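Below: one structure, written as structure tokens.
The values are calculated or read from the model by the stated rules, or taken from the named source; none is laboratory data. Since this is a predicted model, take the numbers as computed values, not measurements. Quick reminder, even Gly has a Cβ in these numbers, built from the backbone with ideal geometry, and neighbours come from all protein chains shown. The protein model used for the area step is the full one, side chains on, heavy atoms only, and it has no ligands, DNA or RNA in it. Shrake-Rupley method; radii C 1.70, N 1.55, O 1.52, S 1.80 Å.
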Amino acid sequence: QVQLVESGGGLVQAGGSLRLSCAASGRTFSSYAMGWFRQAPGKEREVVAAISRFGSTTFYAEPAKSRFTISRDNAKNTVYLQMNSLKPEDTAVYYCAADRNYGVVAGGNKVNNWGQGTQVTVSS
């Protein structure tokens, strides 16, 4: 098991940027593929981006392509989500997720480890 703590959410105007961080506990961070998910009010949680254990492979859902960048620093046990050109429809609670299987993270909702979430609100 790994414990995940997100930070960096907040209120931003449309067109602005935010960087989310997710700090993981433990000594086995590099054993986990990591991902970011989000859940908007009244909607199901959806994958935003995923990254393999050493960062060589990434996945982006269509809404995130060309605007968001996922990265990780295994020395700091941290994964990041840089979000640019934010839109009101990006408003959601963003969750960090970890699983030993990259395909599980990139594929959606059967991930074993979740953070508590951080709110991102984009005003128009």
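To keep it simple, each residue is scored yes or no on (1) more than 20 Å from residue 104 (Cα to Cα); (2) loosely packed, with under 15 Cβ neighbours inside 10 Å.
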site: 7; (1), (2): yes, yes
site: 19; (1), (2): yes, yes
site: 24; (1), (2): no, no
site: 40; (1), (2): yes, yes
site: 51; (1), (2): no, no
site: 67; (1), (2): yes, no
Here the residues within segment 115-124 that are crowded, with 17+ Cβ neighbours inside 10 Å and either at pLDDT below 95 or part of a strand (DSSP E or B) (or both) are 118, 120, 122
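Per-residue answers, yes or no, for (1) at positive phi; (2) touching a helix residue (DSSP H, G or I) at 6+ places or on another chain (Cβ under 6 Å); (3) part of a strand (DSSP E or B):
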site: 19; (1), (2), (3): no, no, yes
site: 23; (1), (2), (3): no, no, yes
site: 30; (1), (2), (3): no, no, no
site: 36; (1), (2), (3): no, no, yes
site: 41; (1), (2), (3): no, no, no
site: 50; (1), (2), (3): no, yes, yes
site: 53; (1), (2), (3): no, yes, no
site: 59; (1), (2), (3): no, yes, yes
Subset tally (residues that are out of contact with any helix residue (DSSP H, G or I) (no Cβ under 9 Å at 6 or more places or on another chain) and open to solvent by less than 50 Å² (accessible area, probe 1.4 Å)) for segment 74-102
8
When you check residue 67 against the structure, is it over 17 Å from residue 121 (Cβ atoms), out of contact with any strand residue (DSSP E or B) (no Cβ under 6 Å at 6 or more places or on another chain) and basic (Lys, Arg), yes or no?
no
